[in-house]
1. What distance in nm separates the simple spin-label points at ARG59 and HIS109, each placed 7 Å from Cα in the Cβ direction?
2. Using the Karplus curve 6.51 cos²θ - 1.76 cosθ + 1.60 with θ = phi - 60°, work out ³J(HN,Hα) for each residue of segment 38-47 in order, rounded to whole Hz, and write x for Gly and Pro.
3. Collect residues whose amide H, placed 1.01 Å from N in the peptide plane, falls under 5 Å from the amide H of PHE41; neighbours closer than 5 in sequence don't count.
4. From the phi angles alone, apply the Karplus equation (6.51, -1.76, 1.60; θ = phi - 60°) to segment 65-78 and give each ³J(HN,Hα) in whole Hz, x where the residue is Gly or Pro.
5. Roughly how many nanometres apart are two label points built 7 Å out from the Cα toward the Cβ at SER93 and ASP38?
6. Which sequence of ARG114, ARG123, ARG77 reflects their accessible areas, 1.4 Å probe, from the largest down?
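The values are calculated or read from the model by the stated rules, or taken from the named source; none is laboratory data. Given the structure is predicted, the values throughout are model-derived calculations rather than measurements. Here Cβ is always computed from backbone atoms with ideal geometry, including for glycine, and neighbour counts include all displayed protein chains. Each accessible area value is taken on the protein alone, full model and side chains, heavy atoms only, with ligands, DNA and RNA left out. Shrake-Rupley method; radii C 1.70, N 1.55, O 1.52, S 1.80 Å.
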Amino acid sequence: LLQIIGMLFGEGSLTEKDIGKTKKIQNGIELIQKRFSDPDFKISEAAAASGLGTKQFRRLFFEAYGENPYAYLSEYRLEQARLLLLNSSYGISDIAEMCGFSDVYGFSHSFKARFGLSPAKWRESSG
């Protein structure tokens, strides 16, 4: 799991130092992946699951992955939405809700910024 997360952020492999950091935040990462669909989910909850303060969790996360946990959560939500667009017939607003976006406009804006197309156009071009 730790190696896969490292690859998601463009790193071929994690150093021993990075592995030590990721072990400290592993429970928080797992909670993010479990609760990504909750639009009210807070990174402080992931920090608490790791037994860390929010500031320390953010720092360790950034040191291990070069990205902050908010960006990771956003990317994880977008990837889950992309999979649903590709493999389901759910409507765009349903997918937005299922992936933790508080409204379809915010979802569409984020999706287009990440993938270059609106969710509907991306679905059309991928199907």
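1. Computed distance between label sites ARG59 and HIS109 equals 3.2 nm.
2. Working through the residues one at a time gives 8, x, 8, 4, 10, 4, 4, 5, 5, 4 Hz.
3. Residues meeting the criterion, in which the H sits 1.01 Å from N, do not exist here.
4. Working through the residues one at a time gives 10, x, 9, 8, x, 5, 5, 4, 4, 4, 5, 4, 4, 5 Hz.
5. Label at SER93, label at ASP38, 2.5 nm between them.
6. Values: ARG114 105, ARG123 60, ARG77 30 Å².
In descending accessible area the options line up as ARG114, ARG123, ARG77.
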